[in-house]
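The values are calculated or read from the model by the stated rules, or taken from the named source; none is laboratory data. This is a predicted model, so every value here is computed, not measured. All Cβ positions, even for glycine, are placed from backbone atoms using ideal geometry, and neighbour counts span all protein chains on display. All accessible areas refer to the heavy atoms of the entire protein, side chains included, with ligands and DNA or RNA removed. Shrake-Rupley method; radii C 1.70, N 1.55, O 1.52, S 1.80 Å.
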Amino acid sequence: MIELNLSSFPELITERLSLRQLRMEDAKEIFLLRSDEKVNELIDRVTATSIEDAYQYINKIITAQNNGESVQWVITLKDDPKLIGTIVYWHIVKEKDEAEVGYELLPQYRGKGIMQEALLKVIEYGFNTLKLKTIVADPKAVNLSSVKLLEKCGFMLTDTANDGYLVYKLVP
């Protein structure tokens, strides 16, 4: 059974990226992500309307991580600590050693292989460090970029939900 002990946050490094812990200083970029209509049309969530919404979200994420309910990384370019996206393990089912992965990227950084690079590193961490047995992803069927990304990373379509979402799973 997996246990998330984040007393020391797991920073991850790839060829071009640094995946680090979310901080209050990320509020401006979190607001940009959570208020962007292009991002939000692919994710069911309330659109942020103020910087205060971003601070509340960051506090919520920090609390969830402290409670062992999720782990969320900020995606940055190695040479620039500014948030360009996030990637998270959440909806963790400890009894099944299963977690859902979710991700988002500011629109100007899409199409550059950034999310694939981040996702592959987070998958590696999930299987090798957390000892996950299954990683799940639930993209909207209309989110073709996400569907292609998951398939490139080895996820298999396992179900179709009535609400327009697809269920993808990856096992080691």
Considering only residues that are open to solvent by less than 40 Å² (accessible area, probe 1.4 Å), hydrophobic (A, V, I, L, M, F, W, C) and outside any loop (DSSP other than H, G, I, E, B), look in segment 43-82 and name the one that is nearest to Leu130 (Cα to Cα).
-> Val71
Pairs with Cβ under 8 Å, 6+ apart, first in segment 49-64 and at pLDDT 95 or above, second charged (D, E, K, R) and surrounded by fewer than 16 Cβ atoms within 10 Å (Cβ to Cβ) | Ile51/Lys28; Ala54/Lys28; Ile58/Arg23
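Let's see how each residue does on (1) under 16 Å from Ala118 (Cβ atoms); (2) polar (S, T, N, Q):
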residue: Leu17; (1), (2): yes, no
residue: Arg23; (1), (2): no, no
residue: Ile30; (1), (2): no, no
residue: Leu33; (1), (2): yes, no
residue: Val46; (1), (2): no, no
residue: Thr49; (1), (2): no, yes
residue: Asp53; (1), (2): no, no
residue: Tyr57; (1), (2): no, no
residue: Ile84; (1), (2): yes, no
Residue among Val88, Val39, Val93, Val101 that alone is of a type outside the set (Phe, Trp, Tyr), surrounded by fewer than 16 Cβ atoms within 10 Å (Cβ to Cβ) and under 27 Å from Gly164 (Cβ atoms) = Val93
Residue among Val122, Val39, Val71 that is under 15 Å from the mean Cα position of the chain (by Cα) and either of a type in the set (Lys, Arg) or within 16 Å of Arg23 (Cβ to Cβ) (or both) | Val71
Within segment 106-116, considering residues that are free of Cβ contacts under 8 Å to residues at least 60 places away in the same chain and either touching a strand residue (DSSP E or B) at 6+ places or on another chain (Cβ under 6 Å) or open to solvent by less than 20 Å² (accessible area, probe 1.4 Å) (or both), the one farthest from Lys152 (Cα to Cα) = Tyr109
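Yes or no, residue by residue, for (1) within 24 Å of Phe155 (Cα to Cα); (2) within 17 Å of the chain's Cα centre (by Cα):
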| position | (1), (2) |
| --- | --- |
| Ile43 | yes, yes |
| Ala48 | no, no |
| Glu52 | no, no |
| Tyr57 | no, yes |
| Trp90 | yes, yes |
| Glu95 | yes, no |
| Ala99 | yes, yes |
